[in-house]
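Everything below concerns the one structure shown next.
The values are calculated or read from the model by the stated rules, or taken from the named source; none is laboratory data. Keep in mind that this is a model prediction, so the values were computed, not measured. No Cβ is skipped: glycine too gets one built from the backbone with ideal geometry, and neighbour counts run over all protein chains shown. Protein only, heavy atoms only, side chains kept; ligands, DNA and RNA dropped before computing areas. Shrake-Rupley method; radii C 1.70, N 1.55, O 1.52, S 1.80 Å.
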Amino acid sequence: GSRPMPVLGMEVAWEEAILLNFSAGRRFAQTFVPGMRSRKLGRIINITGADEPLSMNAAVPPNGAVHTLSRLVGGDGVTVNCIPSRIYSVQIGERLLPTAEAQRAWPEAKCPAGYIGKPEDLRVLVAFPRSPRARYINGQVIHVKGGVRHFSH
């Protein structure tokens, strides 16, 4: 749900981004976390967008709130991890790679892997945090972006 905007953006853009990028996850957590906590077992894996904003983007601030949940439920056997990714989607196709030339040029210039990720590139990382072996992996942000990074953190 990337929502790039000029300067501070319009109120409607912020509301849409918060609804899509934060409220949906909050509702999910409110519905399922109580059962996870009572069973002392649960896994939440959030596929998020960029956490390295290059410009004002209303999809980025909700990511921080999503990451915070791990601290609140970790003692109850529930883990919460986030995976910012650059995986091909309709939105990526329309906004970032709308032409065959863009689909060739962007990965060549920006992505060390040399291609835009596909869902199968994300699958293995989504599967592991769900396993019993991942019980101590909590509150992590693990990038699946083919090496596309803008900051050193």
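Criterion first (open to solvent by less than 40 Å² (accessible area, probe 1.4 Å), modelled with pLDDT under 90 and part of a helix (DSSP H, G or I)) does residue 74 satisfy it?
When the stated conditions are applied, residue 74 does not pass them.
Listed here are the residues, each with its yes/no results for (1) polar (S, T, N, Q); (2) over 13 Å from the mean Cα position of the chain (by Cα); (3) closer than 28 Å to residue 23 by Cβ.
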position: 86; (1), (2), (3): no, no, yes
position: 91; (1), (2), (3): yes, yes, yes
position: 103; (1), (2), (3): yes, yes, no
position: 128; (1), (2), (3): no, yes, yes
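Looking only at the stretch 31-46, count how many residues are hydrophobic (A, V, I, L, M, F, W, C) and in a strand (DSSP E or B).
2
Confirm whether residue 95 is more than 16 Å from the chain's Cα centre (by Cα), in contact (Cβ under 8 Å) with a residue 40 or more places away in the chain and either open to solvent by 100 Å² or more (accessible area, probe 1.4 Å) or over 22 Å from residue 44 (Cα atoms) (or both).
For residue 95, the condition - more than 16 Å from the chain's Cα centre (by Cα), in contact (Cβ under 8 Å) with a residue 40 or more places away in the chain and either open to solvent by 100 Å² or more (accessible area, probe 1.4 Å) or over 22 Å from residue 44 (Cα atoms) (or both) - is met.
For the stretch 119-147, give me the residue count where each residue is in contact with a helix residue (DSSP H, G or I) (Cβ under 9 Å, 6 or more places away or on another chain) and either of a type in the set (Val, Ile, Thr) or open to solvent by less than 50 Å² (accessible area, probe 1.4 Å) (or both).
Adding up the residues that qualify gives 8.
Filtering the stretch 101-118 down to residues that are open to solvent by 80 Å² or more (accessible area, probe 1.4 Å) and not basic (Lys, Arg), which residue is farthest from residue 85 (Cα to Cα)?
101
Output the number of residues of the stretch 89-123 satisfying the condition of being under 13 Å from residue 144 (Cβ atoms) and assigned to a helix (DSSP H, G or I).
5
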